[in-house]
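Below is one structure, written out as structure tokens, with a few remarks after it.
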Amino acid sequence: METLRNKARELLASKTVQMVIGYGRGSGEAAPARAVFIRAAAEAESLIFDASCQQNLAVYLMKPEVRQLGKAALVATPSALRTILQLAAENQVKDHDLLALAVDAQGEVTPLATLQTIEAHVAALDCNLSAGEKTELQKYVALDPEQRRQFWQEEFARCLKCYACRGACPLCYCSRCTVECNQPQWIPVPAHDLGNLEWNVMRAMHLAGRCVNCGDCSRACPVGIPLYLLNQRLLSEVLANFNFRSGMAAKADNAMSTFKPDDPEDFIR
Amino acid sequence: MARIGVFICHCGENISATVDVAKVAAAAAKIPGVVHSVDYKYMCSDPGQQMVSSAIKEKNLTGVVVAACSPRMHEPTFRRACAEAGLNPFLCEMANIREHCSWVHEKGEATTNKAIDIVRTLVAKVKKNKALLPIKVPVTKTALVLGGGIAGIQASLDIANSGHKVILVEKEPSIGGHMSQLSETFPTLDCSQCILTPRMVEVAQNPNITLYSYAELESLEGFIGNFKARIRKKARSLDEKLCTGCGLCCQKCPTKKIASDFDAGLGMRPAIYVPFPQAVPNKPVIDREHCTYYLKGKCRLCEKVCPTQAIRFDQADEIVEVEVGAVVMATGFDIKHGDFFPEYGYGNYRDVIDGLQFERMASASGPTLGEMRRPSDGKVPEIVVFIACAGSRDPAKGIEYCSKICCMYTAKHAMLYRHKVHHGKPYVFYMDIRAGGKMYEEFVRRAIEEDGVQYIRGRVSRIYERGGKLIVKGADTLLGARPMEIEADMVVLATAGVANPGAEALAQKVHISYDSHHFYSEAHPKLRPVETNTAGIFLAGACQAPKDIPESVAQASGAAAKVAALFSQDELIREPLIAVVDRQAPPLYSTCVGCFLCQTSCPYQAIEKEEIRGRDGQLIKTVAKVNPGLCQGCGTCVALCRSKSIDIQGFSHEQVYAEVLALLNRGESDV
């Protein structure tokens with residue numbers, strides 16, 4: 001933890017970056033870590049890193065009010081690193097726009113200044129679903145379509161359309177979301193069954209081939225809808241059908257928008 | 001407030017026989033916003049169009065819905081009528097109550113109700129239509145012709161003679177194609193080369209034609225009127241400007257035993273060669289796969305004997321970039337070779353040959369100088385069996401179509417054989433004789449009646465060798481499927497005509513569609529036979545389907561006429577039904593966030609990056625922009641755009657949504 005704080009102090013003191021986005025202690029008993037924005041070396045004290053630091057801080061890179069503050073160093077979990085690469089592939093982040101401070105479970109800090117170094121770092125990581133995730137996904141996939149429909153109907157019935165999933169997702173960065181289009185209003189505003197289904201299906205589809213499985217949408221959901229199941233299903237489909245994993249390279253074709261004659265599927269021929 | 005006019009067409013009885021058109025007109029009149037609703041027998045006729053234009057003027061219409069046939073049929077007609085009456089043509093929509101309704105349903109109330117529904121959707125749409133202005137794009141008046149066979153030659157000459165530049169690309173060292181390999185042509189038996197070579201020379205001499213022989217298309221980008229092509233000129237290994245075509249190099253080349261493609265493998269050629277004496281251009285190429293110098297590093301005999309020092313062993317392929325306005329595909333066909341006919345011993349017995357090999361054998365310039373000598377021992381064959389439909393019309397072999405030319409050339413072959421070997425006996429096994437064409441049937445009758453060719457209706461099951469003879473086992477189905485056995489000296493298979501091996505890859509390169517046999521698809525099988533579905537790319541000859549020479553030439557002239565029509569104007573008018581990216585006032589400028597997923601998805605490379613800069617030159621935002629010349633309005637980008645920042649003019653989100661809603665809210669008041 002001290003290595004991280006020292007690194008932050010050094011970066012801010014040397015004005016290499018204007019801000020360090022990291023984790024700080026949340027308020028209250030047993031509160032999870034929350035994001036802190038350190039803008040002076042003296043504030044580096046409040047930086048922490050432990051098992052509770054799960055949020056994908058790359059989400060702040062896309063917020064205009066954060067961008068205004070200048071170049072940032074970002075305390076980056078593996079998911080956040082992949083997010084940075086995916087954002088670069090989508091022309092949202094350019095090389096040298098930020099400095100990633102890759103952290104691992106042991107608290108080891110690796111500064112990664114370029115997208116190329118991030119790519120190299122990510123290439124060495126295990127990006128497969130964890131054993132637990134796999135088991136849960138298999139259980140879900142084993143349901144027949146009718147059971148699956150029922151499952152989601154029950155889950156989505158709780159959806160409040162608060163859009164916390166959207167706010168937490170670093171890849172939901174549109175300045176105007178489809179749900180805010182009201183000329184015409186394709187997705188209904190009220191949180192009724194149809195509207196909830198349409199919103200959640202659309203959210204998942206917009207992440208197909210892009211989601212890096214950070215899990216923040218599900219963590220942000222106040223009513224505990226397992227949104228990660230939709231995302232994980234889609235990313236395993238994309239991997240199986242197009243041999244494509246998002247967030248691995250700063251320059252990558254998007255699985256949903258490109259056609260390659262040597263794609264494994266052949267229905268289009 | 002919208003003032004919509006609805007015009008219901010009877011289409012003679014095409015619509016009115018199953019749809020109660022008066023009821024549709026009455027129902028349409030009640031739709032909010034509709035101020036005029038009539039039905040008429042032929043809306044597309046002059047009086048019908050007059051009804052539309054006078055209603056526009058008298059009732060001050062802001063939109064028109066013509067409920068009639070498919071927009072593919074008459075949308076241009078009615079849009080023109082609207083434009084003449086002073087209404088923007090894009091405020092006119094067609095409600096397709098013929099193909100989508102009257103033709104596909106029985107007479108009845110449900111059919112009429114569906115017609116009303118269709119009209120209601122289009123009324124809802126047209127209320128959201130916006131006046132659009134056509135897009136003008138410049139036209140590069142140069143045509144690219146791919147393939148220098150008879151079709152490509154004809155197309156090139158016709159385009160060049162109408163005053164436009166042509167770039168003709170041929171992959172072989174010489175133009176001429178399959179026609180240059182043929183001996184004589186049906187149904188007149190005039191010598192193929194004698195009628196072809198003057199055309200080839202004409203190509204070489206026409207100042208409007210640039211010929212790239214021994215060259216292939218590398219890539220094609222762009223759109224009608226504005227294509228960019230990259231052509232790979234394969235290294236001939238000599239300086240074409242210095243070479244005089246004297247042929248000394250070919251004579252002296254020590255490697256002479258290479259099977260000649262031109263002679264269909266029956267003759268030999270050296271490693272440095274001109275495919276045939278009348279070649280255009282008459283410049284040799286070095287076959288690097290067989291040349292001793294490229295294989296072993298020494299020889300260079302050709303270099304030593306060349307009187308003009310034209311040989312260039314180190315020559316590399318050259319890429320030429322050209323801008324063209326139209327493309328004619330004239331890449332021709334191939335015939336089935338190889339192990340396709342194990343039961344006939346093709347490729348196994350040397351005296352079982354294909355049609356092209358027979359052509360070379362019968363040709364005065366061929367390896368036998370036109371004498372009938374079978375490949376195995378050079379003897380004159382006394383009995384020759386010709387087998388038509390070898391592969392064609394054979395679903396078991398995967399070729400269900402008729403190759404069309406084989407009936408005629410088989411009759412010709414049998415006849416030519418008889419003319420050269422007077423005592424010889426030709427037999428033809430056939431399934432049906434298809435001799436549709438001017439003087440074709442007469443030609444086949446002549447073979448049978450005057451030249452004594454024996455036609456046997458039946459198929460050959462097997463061919464095998466016995467004592468130097470080829471035993472042909474078949475059946476005569478006109479004599480009660482009597483089994484037959486003929487001891488033949490030579491067998492000629494009229495193998496199926498197929499697409500060139502590279503046809504699929506080339507189609508993908510130029511973005512045109514093709515069928516399951518890799519023949520190129522025309523835009524409409526009857527009414528647009530020389531156009532492809534890609535605007536500005538036309539078809540000529542056997543790359544579309546097997547064809548004989550007159551047909552290929554006719555189609556080539558048709559394609560040339562299309563090109564000439566395209567080049568007759570300086571600017572091309574395109575419909576403005578294209579994608580546009582949202583633009584807004586500052587500080588947003590655009591709802592586009594610049595992820596450029598649309599760019600990777602666009603099949604026409606129509607999406608560009610636009611940098612929005614402040615007055616101080618500072619970059620504010622990079623957003624997508626659609627090039628109106630390139631966009632084809634396919635809508636792929638619209639489907640992919642997450643923030644719905646792209647819309648298609650004429651098929652906008654608002655319009656489509658209004659249509660959907662009109663269908664869902666059937667009978668209720670309109671949105």
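The values are calculated or read from the model by the stated rules, or taken from the named source; none is laboratory data. Owing to the predicted nature of the structure, the values given are computational and were not obtained by experimental measurement. Neighbour counts are summed over all protein chains in view; Cβ atoms, including those assigned to glycine, are modelled from backbone coordinates with ideal geometry. These area figures cover heavy atoms from the full protein model, side chains too; ligands, DNA and RNA do not enter into them. Shrake-Rupley method; radii C 1.70, N 1.55, O 1.52, S 1.80 Å.
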Selection status of A:K260, more than 30 Å from B:V660 (Cα to Cα), open to solvent by 70 Å² or more (accessible area, probe 1.4 Å), touching a residue at least 60 places away in the same chain (Cβ under 8 Å) and more than 10 Å from every other protein chain (Cβ to nearest Cβ): no
Residue list for the range B:373-387, filter: open to solvent by less than 10 Å² (accessible area, probe 1.4 Å) and in a loop (DSSP other than H, G, I, E, B): B:P381
Total residues in the range A:98-135, condition part of a loop (DSSP other than H, G, I, E, B) and either on the phi > 0 side of the Ramachandran plot or of a type in the set (A, V, I, L, M, F, W, C) (or both): 7
Enumeration of residues in the range B:567-622 that are among the acidic types (D, E), more than 14 Å from chain A (Cβ to nearest Cβ) and either within 18 Å of B:L133 (Cβ to Cβ) or within 37 Å of the chain's Cα centre (by Cα) (or both): B:D570, B:E571, B:E575
Meets criteria (more than 14 Å from chain B (Cβ to nearest Cβ) and of a type in the set (D, E)) for A:E65: no
Tally of residues being crowded, with 20+ Cβ neighbours inside 10 Å and either among the aromatic types (F, W, Y) or within 14 Å of chain B (Cβ to nearest Cβ) (or both) across the range A:153-172: 4
A:D95 being in a loop (DSSP other than H, G, I, E, B) and either basic (K, R) or over 30 Å from A:R176 (Cβ atoms) (or both): no
Search result, residues across the range B:22-43 that are open to solvent by 50 Å² or more (accessible area, probe 1.4 Å), outside any helix (DSSP H, G or I) and in contact with a helix residue (DSSP H, G or I) (Cβ under 7 Å, 6 or more places away or on another chain): B:V35, B:D39, B:Y40, B:Y42
Near pairs, Cβ below 7 angstrom, 6+ apart or cross-chain, from the range B:396-409 (at pLDDT 95 or above and of a type in the set (F, W, Y)) to any residue that is assigned to a helix (DSSP H, G or I) and surrounded by 18 or more Cβ atoms within 10 Å (Cβ to Cβ): B:Y409/B:G355
Looking only at the range B:151-187, and only at residues there that are among the small types (G, A, S) and surrounded by fewer than 21 Cβ atoms within 10 Å (Cβ to Cβ), the one that is nearest to B:E321 (Cα to Cα): B:G163
Any hit, the range B:452-464, residues being away from chain A (no Cβ under 14 Å) and touching a Cys at 6+ places or on another chain (Cβ under 8 Å): yes
Some residue of the range A:174-191 being open to solvent by less than 40 Å² (accessible area, probe 1.4 Å) and away from chain B (no Cβ under 14 Å): no
Candidate set: the range B:192-230, residues that are under 24 Å from B:P138 (Cβ atoms) and hydroxyl-bearing (S, T, Y); chosen: the one least open to solvent (accessible area, probe 1.4 Å): B:S219
One residue from B:A535, B:A560, B:A545 being of a type outside the set (K, R), away from chain A (no Cβ under 14 Å) and part of a helix (DSSP H, G or I): B:A560
Scope the range A:207-246; condition at positive phi and either within 14 Å of another protein chain (Cβ to nearest Cβ) or surrounded by fewer than 16 Cβ atoms within 10 Å (Cβ to Cβ) (or both); matching residues: A:G209, A:G224, A:N243
